[in-house]
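Undergrad: Dropping a structure here in structure tokens format, bear with me for questions.
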Amino acid sequence: DGSNGFLMKSSQLYILFTAFCIGGYIWLFYFFSLGLRADIILCPSKLIFHTSCPGCGTTRACLYFCQGYIGKALLTNPNCLIVLAAGCILPILLIHDFVLRRHLFIDVYKYIEDKLHKSYFWIPILIFEVAIWIHNLVLGI
């Protein structure tokens, strides 16, 4: 279906997001097992330009949140709320669709993709992400 900018096949989206989900959980468990001491930098911005991006600190923030340090998590990177919500909802949608042979995940994906094409939706997100980026640069995250 090429309408609304939707270019990937459903099967490709399921594979891609299942891989993201599994990879994300593996990364979080690995990072958690190190006790927040990982010296691995995966951020292309940090690797190439030696500067933080809006996503820098999200892994630490997720782990702080899971350990009950909600304030510390939100101060480290509020994007952890998006990542944690996606990490909880995404597997449920994927398993739901696999077991029931439905396409709820695709419906949600198309809905979000449609909203992201509207300026009233993405401009506040862009402003929020720029604010996080400035926050990360000021704090040296």
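Undergrad: Any residue that is within 19 Å of the chain's Cα centre (by Cα), at pLDDT 85 or above, more than 22 Å from Ala131 (Cα to Cα) and of a type in the set (Phe, Trp, Tyr) - is there at least one of those in the stretch 24-36?
TA: So in the stretch 24-36, the residues within 19 Å of the chain's Cα centre (by Cα) come out as 24-32, 36.
Restricting the remaining residues to those that are at pLDDT 85 or above gives 24-26.
Still in the running and more than 22 Å from Ala131 (Cα to Cα): 24-26.
Those left that are additionally of a type in the set (Phe, Trp, Tyr): 25.
Yes; the residues of the stretch 24-36 include at least one that is within 19 Å of the chain's Cα centre (by Cα), at pLDDT 85 or above, more than 22 Å from Ala131 (Cα to Cα) and of a type in the set (Phe, Trp, Tyr).
Undergrad: Answer yes if at least one residue in the stretch 41-55 is open to solvent by 40 Å² or more (accessible area, probe 1.4 Å), modelled with pLDDT under 90, under 22 Å from Ile89 (Cα atoms) and of a type in the set (Ser, Thr, Tyr), and no otherwise.
TA: No - not one qualifying residue is present in the stretch 41-55.
Undergrad: Select from the stretch 49-58 the residues that are in contact (Cβ under 8 Å) with a residue 12 or more places away in the chain, over 19 Å from Phe17 (Cβ atoms) and assigned to a helix (DSSP H, G or I) and list them in ascending order. Quick ask: steps written out before the conclusion?
TA: Kept after step one, since they are in contact (Cβ under 8 Å) with a residue 12 or more places away in the chain, are these residues of the stretch 49-58: 51-58.
From what is left, the residues that are over 19 Å from Phe17 (Cβ atoms) are 51-54, 56-57.
Those that are in contact (Cβ under 8 Å) with a residue 12 or more places away in the chain, over 19 Å from Phe17 (Cβ atoms) and assigned to a helix (DSSP H, G or I): none in the stretch 49-58.
Undergrad: Looking at Ile70, is it touching a helix residue (DSSP H, G or I) at 6+ places or on another chain (Cβ under 7 Å), open to solvent by 30 Å² or more (accessible area, probe 1.4 Å), without any contact (Cβ under 8 Å) to a residue 40 or more places away in the chain and of a type in the set (Val, Ile, Thr)?
TA: Details: touching a helix residue (DSSP H, G or I) at 6+ places or on another chain (Cβ under 7 Å): no; open to solvent by 30 Å² or more (accessible area, probe 1.4 Å): yes; without any contact (Cβ under 8 Å) to a residue 40 or more places away in the chain: yes; of a type in the set (Val, Ile, Thr): yes.
Against the criterion (touching a helix residue (DSSP H, G or I) at 6+ places or on another chain (Cβ under 7 Å), open to solvent by 30 Å² or more (accessible area, probe 1.4 Å), without any contact (Cβ under 8 Å) to a residue 40 or more places away in the chain and of a type in the set (Val, Ile, Thr)), Ile70 does not qualify.
Undergrad: Could you check how many residues of the stretch 61-75 are in a helix (DSSP H, G or I), closer than 18 Å to Phe32 by Cα and of a type in the set (Gly, Ala, Ser)?
TA: Final tally of qualifying residues: 2.
Undergrad: Another question, then. What residue, among those in the stretch 76-122 that are outside any helix (DSSP H, G or I) and more than 19 Å from Lys9 (Cβ to Cβ), is least open to solvent (accessible area, probe 1.4 Å)? Quick ask: steps written out before the conclusion?
TA: Applying the first criterion (outside any helix (DSSP H, G or I)) to the stretch 76-122 yields 77-79, 101-103, 117-118.
Add one more test, that the residue is more than 19 Å from Lys9 (Cβ to Cβ), and what stays is 77-79, 117-118.
Working: Asn77: 0, Pro78: 34, Asn79: 15, His117: 120, Lys118: 68 Å².
Top of the filtered list is Asn77.
The values are calculated or read from the model by the stated rules, or taken from the named source; none is laboratory data. Keep in mind the model is a prediction, meaning the values are calculated, not measured. Here Cβ is always computed from backbone atoms with ideal geometry, including for glycine, and neighbour counts include all displayed protein chains. Quick note on the areas: whole protein, heavy atoms, side chains included, nothing else; ligands and nucleic acids left out. Shrake-Rupley method; radii C 1.70, N 1.55, O 1.52, S 1.80 Å.
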